[in-house]
Amino acid sequence: MKKYILSLLILLVVSACSQQQARMPVSRTSGTFMRESVERNKKLVGREEAAIDSVIKSNPKIKYLASSKGYWYFYENKNQNDTLKPKKGDVAYFDYSISDLNGNVIYSEVELRPQTYAVDKQNILMGLRDGIKLMKKKEVVTFLFPSHMAYGFRGDTKRIGPNTTIACTVTLHDFKPETQVNTNSNTPKQ
């Protein structure tokens, strides 16, 4: 009887330790949707880059700079005296306007002002998030943002349509370390 129980226990242990076989998925996909989506996005990016390239070539007197993030910009007013740029935790005070690539104003500076931005701590337009960190006080920079750095595939649901490349002209008035800013109101301490 002991041998019978012992062999039954060994059989249970061995069967419990056996490895389960992987199950096949109930439905299989071909990956076609993903491939088509990638191709659509490549075409979209290509069209946007061609439009930006056309703007750059039509203004040969303007020196456009390419960013590592995929947008282009030029200085309308460059500050040669200062060296400091906003960094994470600083509070930036700026104004900006948004235009299409033909120069038609979508949102004027007056409509969008004033702007107060806690650098890398608030959610703003992705391109502006990076672009502001390139600027010094009193500089004016125009950025050409492809849609993936601007309002993306939805637009802003008001005046900016889906997948729209935009031009933002930004004036950085000032920036201060977070510790010098009154947190109860968005104004600098005196």
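Computed values, structure above
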quantity	calculated
Cβ-Cβ FRET estimate between LYS133 and MET34, R0 fixed at 30 Å, reported to 0.05	0.35
The chain: calculated mean residue ellipticity at 222 nm from DSSP helix runs of at least 4, using -39500 (n - 2.57)	-9000 deg cm²/dmol
Total formal charge among the other residues, if their Cβ is under 12 angstrom from that of TYR75, Lys/Arg +1 and Asp/Glu -1	+2
Accessible carbon and sulfur surface of the chain relative to its total accessible area, %, 1.4 Å	55
The stretch 60-87 versus the stretch 124-176: alpha-carbon centroid distance in Å	13
Signed unit charges on C-beta, dipole axis of the chain, positive-most listed residue TYR71, ASN41, ILE124	ASN41
Cβ-defined net charge surrounding THR169, 10 Å radius [Lys, Arg +1; Asp, Glu -1]	-3
R0 of 30 Å, Cβ-Cβ distance LYS158-THR179: FRET efficiency to nearest 0.05	0.25
Two-decimal Rg to Rh for the chain - Kirkwood Rh, Cα set	1.35
Full-stretch length increase - LYS61, ARG47 - with 0.36 nm per residue and alpha-carbon distance subtracted	2.7 nm
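The values are calculated or read from the model by the stated rules, or taken from the named source; none is laboratory data. All values derive from a computational prediction rather than experimental measurement. Quick reminder, even Gly has a Cβ in these numbers, built from the backbone with ideal geometry, and neighbours come from all protein chains shown. The area values use the complete protein model at the heavy-atom level, side chains included, leaving out ligands, DNA and RNA. Shrake-Rupley method; radii C 1.70, N 1.55, O 1.52, S 1.80 Å.
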